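J.: Pasting a structure here, questions to come.
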Amino acid sequence: MPSERRPAIVAVDDEPAVLGAVARDLRRGFGERYRILRAASGPEALELLTELRTRGDQAAMLIADQRMPGMSGTDYLVKARTLVPDAKRVLLTAYADTEAAIAAINDVALDYYLLKPWDPPEEELYPVVEDLLSTWEAGASLEAGGVRIVGHRFSRDSHDLRDFLARNRVPATWLDVERDGEARELLTVAGVAEDRLPVVLLEDGSVLERPTVLELAERLGVAGQPAQDHYDLVIVGGGPAGLAAAVYGASEGLRTVMVEREAPGGQAGQSSRIENYLGFPTGLSGSDLARRATDQARRLGAELLTIQDAVGLRAEGSGRIVELSGGGELSANCVLVASGVSYRQLDAPGFAELTGAGIYYGAALAEARSCSDQHVVIIGGANSAGQAAVHFSGYAEQVTMLVRGPGLERSMSHYLIAQIADLPNVTVETESCAVGAEGEDGHLRRLKVRGRDGTESTLDADACFVFIGASPRTSWLEGVVERDERGFILAGPEVQGNGWPLKRDPYPLETSVPGIFVAGDVRARSIKRVASAVGEGSMAVSLIHEYLAQS
Ligand SMILES: Cc1cc2nc3c(=O)[nH]c(=O)nc-3n(C[C@H](O)[C@H](O)[C@H](O)COP(=O)(O)OP(=O)(O)OC[C@H]3O[C@@H](n4cnc5c(N)ncnc54)[C@H](O)[C@@H]3O)c2cc1C
C-alpha cells in the first residue's frame with residue numbers, strides 16, 4: 001500500500017519540460033512504491049534531501065540533469081552523496097555530454113548515465129531504474145530486516161553474527177546495546193540478561209542467546225541440505241570462480257552442488273566497488289555481484305550449501321568424495337576446487353585479541369555505518385585497501401592508510417590512486433607499518449605505528465581494517481593433490497611428471513588427480529582478478545564435459 005513513508009526518487013532539472021517528463025514517466029513506472037519528488041535546481045534538491053534526512057525518510061534514487069546553470073548535475077550528486085550515501089545516482093545527459101558523464105563516474109560514484117530522450121520508457125528507462133531500485137531495496141531491507149540482533153558493538157561474537165547475516169544477505173536490524181534505547185527494551189521483554197549477549201530475535205518470536213554462526217544459519221535455513229546422493233560436479237568455494245562454474249554447470253545439465261564455507265561471493269563479495277569487471281561501466285559492488293550470481297546459479301538449478309567447509313577429498317574408483325565439516329559427504333564424478341585465498345593475519349601484539357573488536361580483516365562492509373564520525377585506519381597499499389579507503393571515506397570522519405612501501409604506484413591501480421588523492425578526509429602514510437594494537441574496555445583505541453625513520457608513534461583509531469595480502473587455505477588437500485610451496489594448487493602441464501598418473505595429458509585446469517579440477521585464485525600462478533576467476537570457472541565446466549565424455 002502506498003504510504004507517506006515510501007522511499008523517494010528525487011529528480012532535478014532546470015528545464016520544466018524535461019523535469020515534467022521524467023517525473024511523469026517515473027510516477028507511471030514506480031509511483032506505487034516510491035514518492036517522486038522534483039526540484040528545479042541542485043541547491044533546491046539538496047534542501048529537499050536535508051529535509052528527508054531530518055524526517056528519517058529514505059531517498060532511494062537521485063536523477064539529475066548534467067547541464068544545469070549554477071550547479072551542474074555532477075556537482076549536485078557529489079554534494080548529495082554526503083547526505084544520502086546509499087541512494088542510487090543517475091545522471092541525465094545529452095549524447096554530446098557522454099564524455100562528461102563517463103568522467104563523472106569516478107567523482108560521483110555514478111550508478112548510471114541515461115541518455116536523453118529515453119523513449120520509449122518501457123525499453124530505455126524502466127529496466128534500468130527497476131534494476132537499480134531492486135539493488136537499493138536489497139541493501140535497504142538488509143539493514144532494516146526482520147531478524148534483530150542485539151549486542152555490544154565491539155564484541156567479536158556480535159561482529160561474526162552481523163558479518164554472517166550481511167554477507168548472506170539476510171535482512172537484519174542491528175541494535176547496539178550501548179547506543180540504542182530499543183535494545184534494552186527488547187532485552188527486558190525477551191527476559192534476557194546482558195551477560196547473555198549477543199542475542200538474536202527471529203521473526204517467529206524465538207530468541208537465541210549467544211548463538212554460534214552455525215546455529216543461527218541452521219535456524220534461518222540458510223545452510224541448505226544436499227538434495228541428491230550423487231552429483232556430476234561438486235564445487236568447493238562460492239567466489240566468482242565457483243559461482244561461474246555453478247552457473248555454467250547447472251545450465252549445461254550437470255547435477256551441480258556448490259559448497260561454501262562463509263557466504264557466496266568470496267573475496268569479491270567483500271569489495272565495495274569493482275570497477276574493472278567487463279560490462280559494468282559504472283562499477284558494481286561485490287555484494288551486488290554475489291547476489292546476482294547466486295540468484296542466477298539457483299535459477300539454473302545449482303544447489304548451494306553454505307556454512308559448510310570441505311575438510312577432506314578422496315578418490316574412490318571413478319567417484320570423487322568431498323568430506324564436509326558437519327560429518328557429511330558429497331559424492332560426485334568430478335570436483336572443482338575454487339576455494340580462493342584468505343586474508344593473512346597481522347602478526348603484532350594486540351591484533352589477535354582485538355580482532356572483531358575494532359580490528360577487522362577485509363572490508364567488513366557491515367561495519368561501515370558504525371564508523372560515522374570516527375577515525376578509521378586501513379593497513380595495506382593494494383587495490384583492496386584502496387577500495388576500502390574510498391568506501392569508508394563516505395562514512396568515517398577521517399581515514400588513514402598505513403602503507404609499507406614508498407608509495408601506492410607499484411601496488412594500486414591508477415584510477416584508485418586518483419580517487420584517493422581527491423578525498424580530503426583520506427591521508428596516506430607511506431613507509432609506515434602497524435607494530436601493535438591497544439584496546440580499552442575490550443575494543444581498539446590506538447595503534448602503534450613505526451614510521452620511515454624507525455621511530456614509533458601512537459595513532460588513535462576507532463576501527464582498523466587490515467589488507468596485507470592473502471594465502472590459500474589448502475591444508476585439507478595435503479597428500480591429495482600436488483601444491484606448490486605456498487599451498488597453491490598445481491594444474492595442467494605443471495602436474496605432468498609431478499604425480500600425474502595417466503597416459504593422456506591432463507586438461508589445462510586438471511589437478512594431479514584426474515577428475516579433480518581447480519579454478520581461480522587458489523590455482524598456482526593464476527591471475528588474481530574477478531574476470532579471470534569467472535573465466536576459469538566457466539572454462540573448467542567445459543573441460544569437465546570433456547573429462548566425463550572420455551571416462
Ligand atoms: C576487498 C577486495 C577487493 C577486490 N577488488 C577487485 C576488483 O575490483 N577487481 C578484480 O578484478 N578483482 C578484485 N579483487 C580480487 C578478486 O576478488 C579475486 O581475484 C576473486 O574473488 C577470486 O575468486 P575465487 O572464486 O578464485 O576465490 P574467492 O573469491 O577467494 O572465493 C573463494 C571462496 O571459497 C570459500 N572456501 C574456501 N575454502 C573453502 C572450503 N574448504 N570449503 C568451502 N568453502 C571454502 C571461501 O569462503 C570463499 O568464499 C578484490 C579482492 C578483495 C579482497
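J.: I want the local charge near A109. Using Cβ-Cβ distances under 12 Å, sum +1 for each Lys or Arg and -1 for each Asp or Glu among the other residues. All intermediate terms of the calculation are to be shown ahead of the outcome.
T.: Values: positive: R81, K88, R89, R273; negative: D86, D107, D111, E275, D422.
After counting each charged neighbour, the total is -1.
J.: Quick one: dipole size for the chain, taken about the Cα centre, charges +1 on Lys/Arg Cβ and -1 on Asp/Glu Cβ, in debye to the nearest 20. Mind showing how you got there, number by number?
T.: On the way: 54 positive and 79 negative charges, 108 e Å.
For the chain, the charge dipole is close to 520 debye.
J.: Measure out, as a whole number of angstrom, how far apart the alpha-carbon centroids of segment 376-429 and segment 27-62 sit.
T.: 32
J.: What is the distance, in nm, between label points placed 7 Å from the Cα along the Cα-to-Cβ direction at S551 and at E456?
T.: About 5.5 nm, to one decimal.
J.: Hey, another quick one. Please list 448-459, 243-254 highest first by mean number of surrounding beta-carbon atoms within 10 Å per residue.
T.: On the way: 448-459: 12.6, 243-254: 24.7.
Sorting 448-459, 243-254 by mean packing, highest first, produces 243-254, 448-459.
J.: Now for a different question. Taking the highest mean first, how do the peptides 367-373, 314-320, 330-336 order by number of other beta carbon atoms within 10 angstrom per residue? Walk me through the numbers before you get to the answer.
T.: Numbers: 367-373: 15.9, 314-320: 12.1, 330-336: 23.9.
Highest to lowest by the protection proxy: 330-336, 367-373, 314-320.
J.: Now, a different point. On full extension of the chain, what length is gained from N276 through A96, given 0.36 nm per residue of separation minus the C-alpha to C-alpha distance? Show your work: numbers first, answer last.
T.: On the way: separation 180, 0.36 × 180 = 64.80 nm, distance 2.46 nm.
Length gained, N276 through A96: 62.3 nm.
J.: Apply 1/(1 + (r/R0)^6) to the Cβ-Cβ distance of D484 and R504, taking R0 = 30 Å, and write down the FRET efficiency to the nearest 0.05. Provide the component values of the computation, followed by the final result.
T.: Values: r = 23 Å, r/R0 = 0.78.
Result of the calculation: an efficiency of 0.80.
J.: In the neighborhood of L46, defined by Cβ-to-Cβ distances under 12 Å, what is the net charge if each Lys or Arg adds +1 and each Asp or Glu adds -1?
T.: Values: positive: R53, K79, R81; negative: E44, E47, E51, D75.
Around L46, the charge tally is -1.
J.: Peptides 216-222, 510-516, 439-445: what's the order by average Cβ count within 10 Å, highest mean first? Before the final figure, lay out the partial values.
T.: Values: 216-222: 17.1, 510-516: 23.0, 439-445: 15.0.
In descending order of packing, they fall as 510-516, 216-222, 439-445.
J.: Report the label-to-label distance for E124 and R410 in nanometres (one decimal), using points 7 Å from each Cα along the Cα→Cβ vector.
T.: 5.0
J.: Now a separate question. Average projected area of the Cα convex hull of the chain, in nm²? Each step should come with its number before you reach the end.
T.: Numbers: hull surface 111.7 nm².
Answer in nm², one decimal: 27.9.
J.: Tell me, what % of the accessible area of the chain is carbon and sulfur with a 1.4 angstrom probe?
T.: Details: 11990 of 24390 Å².
Carbon and sulfur together cover 49 percent of it.
J.: Under 28 Å Cα-Cα from K116, which lysines qualify once same-chain neighbours fewer than 8 residues away are excluded?
T.: Cross-link targets: K79, K88.
J.: Along the charge dipole of the chain, pointing to its positive end and built from +1/-1 on Cβ of Lys, Arg, Asp and Glu, which listed residue (A17, T50, G312) has its Cα farthest out?
T.: The listed residue farthest towards the positive side: G312.
J.: Set the Förster radius R0 to 35 Å, insert the Cβ-Cβ distance between S206 and E323 as r into 1/(1 + (r/R0)^6), and round the FRET efficiency to 0.05.
T.: Values: r = 32 Å, r/R0 = 0.90.
Using R0 = 35 Å, I get an efficiency of 0.65.
J.: What whole-number distance in Å separates the alpha-carbon centres of segment 477-551 and segment 234-289?
T.: Here the two parts' Cα centres lie 19 Å apart.
J.: With a length cut of 24 Å (Cα positions projected on each helix's long axis) and a Kyte-Doolittle mean of at least 0.5, go through the chain and give me the DSSP H helices that pass. Kindly include the intermediate steps, with their values, before the conclusion.
T.: Details: long enough: 126-143 (25 Å, 0.16); 530-550 (31 Å, 0.74).
Counting only whole DSSP H runs, the qualifying helices are 530-550.
J.: Okay, moving on. Which FRET efficiency, nearest 0.05, do R298 and A531 yield, Cβ-Cβ r, R0 30 Å?
T.: Numbers: r = 22 Å, r/R0 = 0.74.
Once the sixth-power term is evaluated, E becomes 0.85.
J.: How large is the accessible surface per residue of the chain, computed with a 1.4 Å probe and reported in Å² as a whole number? Show your work: numbers first, answer last.
T.: Values: 24390 Å² over 551 residues.
Dividing the accessible area of the chain by its residue count gives 44 Å².
J.: Put a dot 7 Å past each Cα toward the Cβ at A315 and L115; how far apart are the dots in nm?
T.: 5.4
J.: How large is the Rg to Rh ratio of segment 295-371 when both quantities use alpha carbon positions and Rh follows Kirkwood?
T.: Working: Rg = 18.1 Å, Rh = 16.3 Å.
Computed over Cα atoms, the ratio is 1.11.
J.: Counting DSSP beta bridges in the chain, what percent are antiparallel, to the nearest 5?
T.: Antiparallel bridges make up about 35 percent of those DSSP assigns within the chain.
The values are calculated or read from the model by the stated rules, or taken from the named source; none is laboratory data. Remember, it's a predicted structure, so these values are computed and weren't measured experimentally. Don't worry about glycine lacking a Cβ; one is built from the backbone with ideal geometry, like all the others, and counts go over all protein chains shown. When the accessible area is computed, the model is the full protein with side chains, heavy atoms only, and any ligands, DNA or RNA have been set aside. Shrake-Rupley method; radii C 1.70, N 1.55, O 1.52, S 1.80 Å.
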